[in-house]
Amino acid sequence: LVLVNTCSIREKAELTIRKRLTEFRKAKESKKGMLVGVLGCMAERLKGKLMEEEKLVDLVVGPDAYRSLPLLIEEASSGQKAVNVLLSRDETYADIAPIRLDSNGVSAFVSIMRGCNNMCSFCVVPFTRGRERSRDAKSVIAESQDLFNKGYKEITLLGQNVDSYYWIDEQSNKATTFAALLQQIALISPSLRVRFSTSHPKDITDEVLYTIAKYENICNYIHLPIQSGNNRVLQLMNRTYTREWYMAKINRIREIIPDCGISTDIITGFCTETEEDHQETIEIMQSSKYDYAYMYFYSERPGTLAERRYEDDVPEEIKKRRLTEIVDTQYQLSLQSNRNDVGKTFKVLVDGESKKDNNYWKGRTDQNKVAVFPKENFEIKMGDY
Ligand code: SAH
Ligand code: SF4
(Lines give C-alpha, C1' and ligand atoms only; values in the text may rest on other atoms or scores of the structure.)
(Ligands and ions follow the chains in the order given, each with its own letter.)
Protein backbone atom coordinates (compact mmCIF):
# COMPACT_ATOMS: atom_id res chain seq x y z
CA LEU A 1 0.00 0.00 0.00
CA VAL A 2 1.46 3.33 -1.08
CA LEU A 3 -0.20 6.54 0.10
CA VAL A 4 1.00 9.76 -1.48
CA ASN A 5 0.24 12.91 0.49
CA THR A 6 -0.16 15.83 -1.90
CA CYS A 7 -0.07 19.61 -2.24
CA SER A 8 -1.96 21.74 -4.77
CA ILE A 9 -0.69 25.21 -3.92
CA ARG A 10 1.16 25.66 -7.22
CA GLU A 11 1.07 23.72 -10.46
CA LYS A 12 4.64 22.58 -9.94
CA ALA A 13 3.68 20.74 -6.74
CA GLU A 14 1.08 18.77 -8.67
CA LEU A 15 3.44 18.01 -11.55
CA THR A 16 5.93 16.57 -9.06
CA ILE A 17 3.22 14.23 -7.76
CA ARG A 18 2.25 13.18 -11.30
CA LYS A 19 5.87 12.25 -11.93
CA ARG A 20 6.04 10.27 -8.71
CA LEU A 21 2.90 8.37 -9.73
CA THR A 22 4.55 7.19 -12.96
CA GLU A 23 7.29 5.61 -10.83
CA PHE A 24 4.64 3.69 -8.88
CA ARG A 25 3.05 2.54 -12.13
CA LYS A 26 6.13 0.43 -12.86
CA ALA A 27 6.20 -0.99 -9.34
CA LYS A 28 2.52 -1.85 -9.57
CA GLU A 29 2.96 -3.84 -12.76
CA SER A 30 5.35 -6.22 -10.99
CA LYS A 31 3.56 -6.36 -7.61
CA LYS A 32 0.17 -8.05 -7.65
CA GLY A 33 -2.30 -6.51 -5.23
CA MET A 34 -0.32 -3.32 -4.70
CA LEU A 35 -2.62 -0.36 -3.94
CA VAL A 36 -1.87 3.30 -4.60
CA GLY A 37 -3.76 6.07 -2.79
CA VAL A 38 -3.60 9.82 -3.32
CA LEU A 39 -4.23 11.84 -0.17
CA GLY A 40 -4.56 15.54 0.59
CA CYS A 41 -5.21 18.64 -1.45
CA MET A 42 -4.70 17.20 -4.93
CA ALA A 43 -7.22 14.45 -4.12
CA GLU A 44 -9.66 17.11 -2.96
CA ARG A 45 -9.15 19.31 -5.98
CA LEU A 46 -9.45 16.61 -8.66
CA LYS A 47 -11.75 14.14 -6.87
CA GLY A 48 -12.79 11.12 -8.99
CA LYS A 49 -11.27 12.74 -12.08
CA LEU A 50 -7.86 11.83 -10.70
CA MET A 51 -8.65 8.13 -11.20
CA GLU A 52 -9.62 8.72 -14.81
CA GLU A 53 -6.42 10.64 -15.45
CA GLU A 54 -4.13 8.37 -13.45
CA LYS A 55 -5.38 4.84 -14.00
CA LEU A 56 -3.14 3.30 -11.35
CA VAL A 57 -4.78 5.20 -8.48
CA ASP A 58 -7.05 3.03 -6.29
CA LEU A 59 -7.88 5.48 -3.51
CA VAL A 60 -8.61 9.21 -3.51
CA VAL A 61 -8.80 10.65 0.00
CA GLY A 62 -9.32 14.34 0.79
CA PRO A 63 -7.73 16.17 3.76
CA ASP A 64 -10.82 15.74 5.96
CA ALA A 65 -11.35 12.06 5.22
CA TYR A 66 -8.41 10.40 6.98
CA ARG A 67 -10.64 8.72 9.53
CA SER A 68 -12.27 6.72 6.75
CA LEU A 69 -8.94 5.33 5.47
CA PRO A 70 -9.32 1.81 6.97
CA LEU A 71 -12.71 1.42 5.31
CA LEU A 72 -11.47 2.83 2.00
CA ILE A 73 -8.48 0.49 2.00
CA GLU A 74 -10.81 -2.44 2.56
CA GLU A 75 -12.97 -1.29 -0.35
CA ALA A 76 -9.96 -0.82 -2.62
CA SER A 77 -8.60 -4.27 -1.66
CA SER A 78 -11.76 -5.85 -2.97
CA GLY A 79 -11.17 -4.24 -6.33
CA GLN A 80 -13.44 -1.22 -6.05
CA LYS A 81 -12.30 2.35 -6.56
CA ALA A 82 -12.49 4.12 -3.20
CA VAL A 83 -13.12 7.86 -2.99
CA ASN A 84 -13.86 10.13 -0.02
CA VAL A 85 -13.43 13.85 -0.62
CA LEU A 86 -16.09 15.17 1.77
CA LEU A 87 -15.02 18.37 3.49
CA SER A 88 -16.00 18.81 7.10
CA ARG A 89 -17.05 21.87 9.07
CA ASP A 90 -15.77 20.61 12.40
CA GLU A 91 -13.06 17.98 11.85
CA THR A 92 -9.78 19.11 13.46
CA TYR A 93 -8.29 15.69 14.26
CA ALA A 94 -7.90 16.98 17.82
CA ASP A 95 -7.89 13.50 19.35
CA ILE A 96 -5.43 11.96 16.89
CA ALA A 97 -1.80 12.29 17.91
CA PRO A 98 0.48 12.09 14.88
CA ILE A 99 3.38 9.64 14.82
CA ARG A 100 6.47 11.73 14.09
CA LEU A 101 8.56 9.38 11.98
CA ASP A 102 11.07 11.86 10.55
CA SER A 103 11.45 13.90 13.73
CA ASN A 104 14.76 15.13 15.14
CA GLY A 105 13.25 14.75 18.63
CA VAL A 106 13.78 18.47 19.28
CA SER A 107 11.26 20.45 17.18
CA ALA A 108 7.68 19.53 16.38
CA PHE A 109 4.76 21.09 14.53
CA VAL A 110 1.37 21.17 16.23
CA SER A 111 -1.70 21.91 14.17
CA ILE A 112 -4.09 24.34 15.89
CA MET A 113 -6.65 24.85 13.14
CA ARG A 114 -7.68 23.64 9.73
CA GLY A 115 -9.08 25.28 6.61
CA CYS A 116 -9.19 28.95 5.66
CA ASN A 117 -11.99 31.49 5.19
CA ASN A 118 -9.91 34.18 3.55
CA MET A 119 -10.46 33.66 -0.15
CA CYS A 120 -7.32 35.31 -1.48
CA SER A 121 -8.10 35.25 -5.19
CA PHE A 122 -4.97 33.30 -6.23
CA CYS A 123 -5.27 30.60 -3.59
CA VAL A 124 -6.64 27.07 -3.81
CA VAL A 125 -6.48 26.37 -0.05
CA PRO A 126 -10.08 27.40 0.80
CA PHE A 127 -11.29 24.93 -1.85
CA THR A 128 -9.10 22.01 -0.84
CA ARG A 129 -9.13 22.49 2.94
CA GLY A 130 -12.61 23.87 3.47
CA ARG A 131 -13.93 26.23 6.13
CA GLU A 132 -11.73 27.45 8.94
CA ARG A 133 -12.09 25.66 12.26
CA SER A 134 -10.04 25.86 15.44
CA ARG A 135 -8.91 22.88 17.42
CA ASP A 136 -9.90 22.43 21.07
CA ALA A 137 -7.38 24.44 23.12
CA LYS A 138 -7.18 21.71 25.76
CA SER A 139 -6.10 19.21 23.13
CA VAL A 140 -3.45 21.59 21.70
CA ILE A 141 -2.06 22.14 25.21
CA ALA A 142 -2.13 18.42 26.03
CA GLU A 143 -0.26 17.52 22.83
CA SER A 144 2.34 20.22 23.48
CA GLN A 145 2.80 19.13 27.11
CA ASP A 146 3.19 15.53 25.96
CA LEU A 147 5.84 16.56 23.41
CA PHE A 148 7.72 18.47 26.11
CA ASN A 149 7.56 15.43 28.42
CA LYS A 150 9.10 13.38 25.61
CA GLY A 151 12.05 15.76 25.35
CA TYR A 152 10.94 18.15 22.60
CA LYS A 153 12.17 21.71 23.08
CA GLU A 154 10.47 23.64 20.31
CA ILE A 155 6.85 23.71 19.19
CA THR A 156 5.57 25.49 16.10
CA LEU A 157 1.83 26.13 16.19
CA LEU A 158 0.44 25.73 12.69
CA GLY A 159 -2.52 27.18 10.85
CA GLN A 160 -3.25 29.03 7.62
CA ASN A 161 -4.26 32.08 9.62
CA VAL A 162 -3.26 31.52 13.25
CA ASP A 163 -4.39 34.96 14.42
CA SER A 164 -8.00 34.05 13.82
CA TYR A 165 -7.72 31.05 16.15
CA TYR A 166 -10.75 31.08 18.47
CA TRP A 167 -12.05 28.35 20.71
CA ILE A 168 -14.96 28.44 23.13
CA ASP A 169 -14.95 25.77 25.79
CA GLU A 170 -18.42 24.26 26.03
CA GLN A 171 -18.33 23.60 29.78
CA SER A 172 -16.84 26.85 31.06
CA ASN A 173 -18.03 29.00 28.13
CA LYS A 174 -14.55 30.54 28.21
CA ALA A 175 -13.03 31.76 24.96
CA THR A 176 -9.39 31.18 24.01
CA THR A 177 -7.84 33.62 21.53
CA PHE A 178 -4.56 33.01 19.73
CA ALA A 179 -2.72 35.26 22.19
CA ALA A 180 -4.16 33.26 25.10
CA LEU A 181 -3.20 29.96 23.47
CA LEU A 182 0.36 31.19 22.84
CA GLN A 183 0.63 32.16 26.49
CA GLN A 184 -0.64 28.80 27.70
CA ILE A 185 1.85 26.89 25.55
CA ALA A 186 4.67 29.20 26.70
CA LEU A 187 3.75 28.47 30.32
CA ILE A 188 4.39 24.73 29.87
CA SER A 189 8.06 25.42 30.57
CA PRO A 190 10.54 28.29 30.14
CA SER A 191 12.84 25.85 28.33
CA LEU A 192 10.21 25.11 25.66
CA ARG A 193 10.46 27.40 22.65
CA VAL A 194 7.23 28.43 20.98
CA ARG A 195 6.87 29.50 17.35
CA PHE A 196 3.89 29.89 15.03
CA SER A 197 2.97 30.22 11.38
CA THR A 198 1.24 31.84 9.47
CA SER A 199 0.01 35.30 10.45
CA HIS A 200 -2.24 37.28 8.14
CA PRO A 201 -1.40 41.02 8.23
CA LYS A 202 -5.06 41.92 8.65
CA ASP A 203 -5.49 39.76 11.76
CA ILE A 204 -2.31 39.93 13.85
CA THR A 205 -3.17 41.88 17.01
CA ASP A 206 -1.24 44.00 19.51
CA GLU A 207 -2.28 41.46 22.10
CA VAL A 208 -0.30 38.80 20.22
CA LEU A 209 2.71 41.13 19.91
CA TYR A 210 2.65 41.96 23.63
CA THR A 211 2.39 38.25 24.46
CA ILE A 212 5.48 37.54 22.34
CA ALA A 213 7.33 40.38 24.05
CA LYS A 214 6.31 39.22 27.52
CA TYR A 215 7.55 35.61 27.30
CA GLU A 216 11.22 34.98 26.65
CA ASN A 217 10.45 31.53 25.25
CA ILE A 218 8.00 32.75 22.58
CA CYS A 219 10.40 33.34 19.71
CA ASN A 220 10.85 36.85 18.39
CA TYR A 221 10.03 35.90 14.88
CA ILE A 222 6.99 36.60 12.70
CA HIS A 223 6.22 35.35 9.23
CA LEU A 224 4.00 38.04 7.69
CA PRO A 225 3.23 37.35 4.01
CA ILE A 226 2.81 40.52 1.95
CA GLN A 227 2.34 38.94 -1.54
CA SER A 228 2.61 42.31 -3.36
CA GLY A 229 3.61 45.90 -2.56
CA ASN A 230 1.05 47.50 -4.86
CA ASN A 231 -2.41 48.46 -3.59
CA ARG A 232 -4.24 47.72 -6.81
CA VAL A 233 -2.70 44.24 -7.06
CA LEU A 234 -3.35 43.63 -3.34
CA GLN A 235 -6.99 44.44 -3.97
CA LEU A 236 -7.18 42.08 -6.95
CA MET A 237 -5.58 39.45 -4.74
CA ASN A 238 -8.32 40.12 -2.17
CA ARG A 239 -5.74 40.44 0.60
CA THR A 240 -7.93 43.09 2.34
CA TYR A 241 -5.01 45.33 3.43
CA THR A 242 -3.06 48.12 1.76
CA ARG A 243 0.70 48.68 1.68
CA GLU A 244 0.20 51.47 4.24
CA TRP A 245 -1.67 49.15 6.60
CA TYR A 246 1.04 46.51 6.12
CA MET A 247 3.88 48.98 6.87
CA ALA A 248 2.04 50.16 9.97
CA LYS A 249 1.99 46.52 11.17
CA ILE A 250 5.72 46.14 10.51
CA ASN A 251 6.39 49.34 12.47
CA ARG A 252 4.19 48.14 15.31
CA ILE A 253 6.08 44.82 15.44
CA ARG A 254 9.43 46.64 15.59
CA GLU A 255 8.10 48.98 18.26
CA ILE A 256 6.81 46.24 20.57
CA ILE A 257 9.45 43.57 19.77
CA PRO A 258 12.56 45.55 18.73
CA ASP A 259 14.75 42.56 17.76
CA CYS A 260 12.01 40.63 15.96
CA GLY A 261 12.96 38.53 12.92
CA ILE A 262 10.49 39.09 10.08
CA SER A 263 9.97 37.04 6.94
CA THR A 264 7.41 37.14 4.16
CA ASP A 265 5.88 35.48 1.10
CA ILE A 266 5.82 37.21 -2.29
CA ILE A 267 4.15 36.35 -5.58
CA THR A 268 5.49 37.94 -8.77
CA GLY A 269 3.57 38.37 -12.01
CA PHE A 270 0.04 38.21 -10.64
CA CYS A 271 -2.66 39.13 -13.19
CA THR A 272 -2.22 42.69 -14.59
CA GLU A 273 0.98 43.37 -12.59
CA THR A 274 3.01 46.12 -14.32
CA GLU A 275 6.70 47.00 -14.00
CA GLU A 276 5.75 49.89 -11.70
CA ASP A 277 3.68 47.58 -9.49
CA HIS A 278 6.62 45.21 -9.35
CA GLN A 279 8.95 48.09 -8.35
CA GLU A 280 6.59 48.89 -5.49
CA THR A 281 7.02 45.32 -4.24
CA ILE A 282 10.81 45.78 -4.31
CA GLU A 283 10.43 49.07 -2.45
CA ILE A 284 8.29 47.63 0.31
CA MET A 285 10.76 44.75 0.74
CA GLN A 286 13.46 47.35 1.32
CA SER A 287 11.35 49.29 3.80
CA SER A 288 10.32 46.14 5.65
CA LYS A 289 13.94 44.89 5.77
CA TYR A 290 12.95 41.23 5.73
CA ASP A 291 15.38 38.73 7.18
CA TYR A 292 14.04 36.05 4.88
CA ALA A 293 11.42 35.55 2.15
CA TYR A 294 9.67 32.73 0.35
CA MET A 295 9.20 33.86 -3.24
CA TYR A 296 7.19 32.42 -6.12
CA PHE A 297 5.93 33.37 -9.53
CA TYR A 298 2.17 33.29 -9.94
CA SER A 299 0.71 29.92 -10.84
CA GLU A 300 -2.92 29.98 -11.92
CA ARG A 301 -5.03 27.47 -9.99
CA PRO A 302 -8.25 26.10 -11.49
CA GLY A 303 -11.42 27.15 -9.72
CA THR A 304 -9.93 30.12 -7.85
CA LEU A 305 -11.45 33.58 -8.16
CA ALA A 306 -8.42 34.82 -10.11
CA GLU A 307 -8.73 31.97 -12.59
CA ARG A 308 -12.42 32.71 -13.14
CA ARG A 309 -12.23 36.50 -13.25
CA TYR A 310 -8.81 37.67 -14.38
CA GLU A 311 -6.57 36.84 -17.24
CA ASP A 312 -3.20 35.29 -16.37
CA ASP A 313 -1.65 37.93 -18.62
CA VAL A 314 1.94 38.32 -17.45
CA PRO A 315 4.12 36.17 -19.73
CA GLU A 316 6.08 33.44 -17.94
CA GLU A 317 9.50 34.90 -18.81
CA ILE A 318 8.50 38.24 -17.28
CA LYS A 319 7.14 36.52 -14.16
CA LYS A 320 10.43 34.68 -13.83
CA ARG A 321 12.57 37.77 -14.46
CA ARG A 322 10.65 39.67 -11.80
CA LEU A 323 11.08 36.72 -9.47
CA THR A 324 14.84 36.84 -10.03
CA GLU A 325 14.83 40.54 -9.16
CA ILE A 326 12.85 39.87 -6.00
CA VAL A 327 15.22 37.05 -5.05
CA ASP A 328 18.24 39.32 -5.64
CA THR A 329 16.68 42.05 -3.51
CA GLN A 330 16.08 39.58 -0.70
CA TYR A 331 19.63 38.27 -0.99
CA GLN A 332 20.91 41.78 -0.28
CA LEU A 333 18.47 42.26 2.59
CA SER A 334 19.40 38.91 4.17
CA LEU A 335 23.07 39.77 3.81
CA GLN A 336 22.51 43.11 5.51
CA SER A 337 20.49 41.44 8.25
CA ASN A 338 23.29 38.92 8.85
CA ARG A 339 25.94 41.65 8.84
CA ASN A 340 23.97 43.42 11.57
CA ASP A 341 24.41 40.28 13.69
CA VAL A 342 28.21 40.22 13.48
CA GLY A 343 29.70 40.42 16.95
CA LYS A 344 26.45 39.58 18.74
CA THR A 345 25.84 36.53 20.90
CA PHE A 346 22.75 34.36 20.34
CA LYS A 347 20.94 31.66 22.23
CA VAL A 348 20.69 28.71 19.84
CA LEU A 349 18.64 25.54 20.25
CA VAL A 350 20.76 22.67 18.92
CA ASP A 351 18.65 20.62 16.52
CA GLY A 352 21.24 18.67 14.53
CA GLU A 353 24.68 18.47 13.01
CA SER A 354 25.74 20.84 10.28
CA LYS A 355 24.98 19.30 6.89
CA LYS A 356 28.38 20.32 5.59
CA ASP A 357 30.58 19.22 8.49
CA ASN A 358 29.71 16.89 11.36
CA ASN A 359 32.26 18.59 13.60
CA TYR A 360 29.74 21.42 13.79
CA TRP A 361 26.37 21.72 15.50
CA LYS A 362 23.52 23.60 13.92
CA GLY A 363 20.44 25.23 15.38
CA ARG A 364 18.23 28.31 15.21
CA THR A 365 18.36 31.63 16.92
CA ASP A 366 15.30 33.19 18.49
CA GLN A 367 14.86 35.14 15.21
CA ASN A 368 14.77 31.86 13.26
CA LYS A 369 18.20 32.20 11.65
CA VAL A 370 20.27 29.06 11.27
CA ALA A 371 23.53 29.19 13.24
CA VAL A 372 26.43 26.78 12.88
CA PHE A 373 29.24 26.42 15.41
CA PRO A 374 32.15 24.07 16.27
CA LYS A 375 31.24 21.21 18.63
CA GLU A 376 34.60 21.33 20.41
CA ASN A 377 33.83 24.70 21.99
CA PHE A 378 30.72 23.52 23.82
CA GLU A 379 29.80 20.56 25.99
CA ILE A 380 26.27 20.17 24.74
CA LYS A 381 23.99 17.76 22.94
CA MET A 382 20.91 17.83 20.70
CA GLY A 383 18.06 19.73 22.34
CA ASP A 384 20.36 21.88 24.53
CA TYR A 385 20.62 25.64 24.34
N1 SAH B 1 -2.06 31.01 4.69
C2 SAH B 1 -0.81 31.56 4.36
C3 SAH B 1 -0.20 31.04 3.09
C4 SAH B 1 -0.46 29.69 2.58
S5 SAH B 1 0.14 29.32 0.99
C6 SAH B 1 -0.97 33.05 4.16
O7 SAH B 1 -2.03 33.54 3.83
O8 SAH B 1 -0.01 33.73 4.30
C9 SAH B 1 1.82 29.81 1.09
C10 SAH B 1 2.21 30.81 0.04
O11 SAH B 1 2.12 30.25 -1.25
C12 SAH B 1 1.36 32.06 -0.03
O13 SAH B 1 1.66 32.99 0.95
C14 SAH B 1 1.65 32.57 -1.43
O15 SAH B 1 2.76 33.42 -1.43
C16 SAH B 1 1.98 31.28 -2.19
N17 SAH B 1 0.92 30.95 -3.13
C18 SAH B 1 -0.34 30.60 -2.86
N19 SAH B 1 -1.05 30.41 -4.00
C20 SAH B 1 -0.19 30.66 -5.02
C21 SAH B 1 -0.32 30.66 -6.45
N22 SAH B 1 -1.46 30.37 -7.03
N23 SAH B 1 0.78 30.97 -7.18
C24 SAH B 1 1.95 31.28 -6.58
N25 SAH B 1 2.13 31.30 -5.25
C26 SAH B 1 1.07 30.99 -4.47
FE1 SF4 C 1 -4.67 31.03 0.88
FE2 SF4 C 1 -5.12 33.53 1.64
FE3 SF4 C 1 -6.04 31.49 3.12
FE4 SF4 C 1 -3.41 32.01 3.02
S5 SF4 C 1 -5.00 33.35 3.86
S6 SF4 C 1 -4.41 29.99 2.83
S7 SF4 C 1 -3.14 32.69 0.93
S8 SF4 C 1 -6.69 32.01 1.05
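The values are calculated or read from the model by the stated rules, or taken from the named source; none is laboratory data. As the structure is a prediction and not an experimental result, all values here were calculated from the model. With ideal geometry, Cβ positions are generated from the backbone for all residues, glycine too; neighbour counts draw on all protein chains shown.
Here are the numbers for the structure shown:
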quantity: Failed condition for Arg321, given (1) free of Cβ contacts under 8 Å to residues at least 40 places away in the same chain; (2) under 19 Å from Asp291 (Cβ atoms); calculated: (2)
quantity: Given (1) under 15 Å from the mean Cα position of the chain (by Cα); (2) part of a loop (DSSP other than H, G, I, E, B); (3) not β-branched (Val, Ile, Thr), index of the condition Pro126 fails; calculated: (2)
quantity: Residue match in region 161-168 (condition: over 17 Å from Ile262 (Cα atoms), of a type outside the set (Ser, Thr, Tyr) and either part of a loop (DSSP other than H, G, I, E, B) or within 22 Å of the chain's Cα centre (by Cα) (or both)); calculated: yes
quantity: Residue among Ile318, Ile326 that alone is surrounded by 17 or more Cβ atoms within 10 Å (Cβ to Cβ), at pLDDT 95 or above and either charged (D, E, K, R) or under 23 Å from Glu276 (Cβ atoms) (or both); calculated: Ile326
quantity: Hits in region 180-209 - residues which are more than 19 Å from the chain's Cα centre (by Cα), assigned to a helix (DSSP H, G or I) and under 20 Å from Gly261 (Cα atoms); calculated: Gln183, Ala186, Asp206, Glu207, Leu209
quantity: Residue list for region 15-41, restricted to those being in a helix (DSSP H, G or I) and within 16 Å of ligand 2 (Cβ to nearest atom); calculated: Cys41
quantity: Residue match in region 249-271 (condition: within 16 Å of ligand 1 (Cβ to nearest atom) and without any contact (Cβ under 8 Å) to a residue 40 or more places away in the chain); calculated: yes
quantity: Identity of the residue in region 215-262, in a loop (DSSP other than H, G, I, E, B) and among the acidic types (Asp, Glu), that ends up farthest from Glu307 (Cα to Cα); calculated: Glu216
quantity: Contacts under 6 angstrom Cβ, first residue in region 80-105 being over 14 Å from Leu69 (Cβ atoms), partner among the charged types (D, E, K, R) and loosely packed, with under 15 Cβ neighbours inside 10 Å, 6 or more apart; calculated: Arg89/Arg131
quantity: Among (1) surrounded by fewer than 21 Cβ atoms within 10 Å (Cβ to Cβ); (2) away from ligand 2 (no atom under 16 Å from the Cβ); (3) not basic (Lys, Arg); (4) not in a loop (DSSP other than H, G, I, E, B) - the single one Val140 does not satisfy; calculated: (1)
quantity: Hits in region 111-149 (condition: free of Cβ contacts under 8 Å to residues at least 40 places away in the same chain and within 16 Å of Pro98 (Cα to Cα)); calculated: Ala142, Leu147, Asn149
quantity: Options Tyr331, Tyr298, Tyr294, Tyr385: the member that is surrounded by 15 or more Cβ atoms within 10 Å (Cβ to Cβ), modelled with pLDDT of 95 or more and of a type in the set (Phe, Trp, Tyr); calculated: Tyr298
quantity: Selection status of Val162, touching a His at 6+ places or on another chain (Cβ under 9 Å) and either within 16 Å of ligand 2 (Cβ to nearest atom) or modelled with pLDDT of 95 or more (or both); calculated: yes
quantity: Single residue of Gly303, Gly352, Gly343 found to be farther than 18 Å from Ile222 by Cβ and part of a strand (DSSP E or B); calculated: Gly352
quantity: Scan of region 94-117 for residues that are buried (at least 16 other Cβ atoms within 10 Å of the Cβ) and either part of a loop (DSSP other than H, G, I, E, B) or at positive phi (or both), ordered by number; calculated: Ala94, Val106, Ile112, Gly115, Cys116
quantity: Scan of region 157-211 for residues that are within 14 Å of Tyr221 (Cα to Cα), away from ligand 1 (no atom under 16 Å from the Cβ) and β-branched (Val, Ile, Thr), ordered by number; calculated: Val194, Thr211
quantity: Some residue of region 60-72 being out of contact with any Ser or Thr (no Cβ under 7 Å at 6 or more places or on another chain), within 30 Å of Asp384 (Cβ to Cβ) and buried (at least 17 other Cβ atoms within 10 Å of the Cβ); calculated: no
quantity: Given (1) touching an Asp or Glu at 6+ places or on another chain (Cβ under 8 Å); (2) modelled with pLDDT under 95, index of the condition Gln171 fails; calculated: (1)
quantity: Failed condition for Glu143, given (1) more than 16 Å from ligand 1 (Cβ to nearest atom); (2) over 20 Å from Cys219 (Cα atoms); (3) not small (Gly, Ala, Ser); calculated: (2)
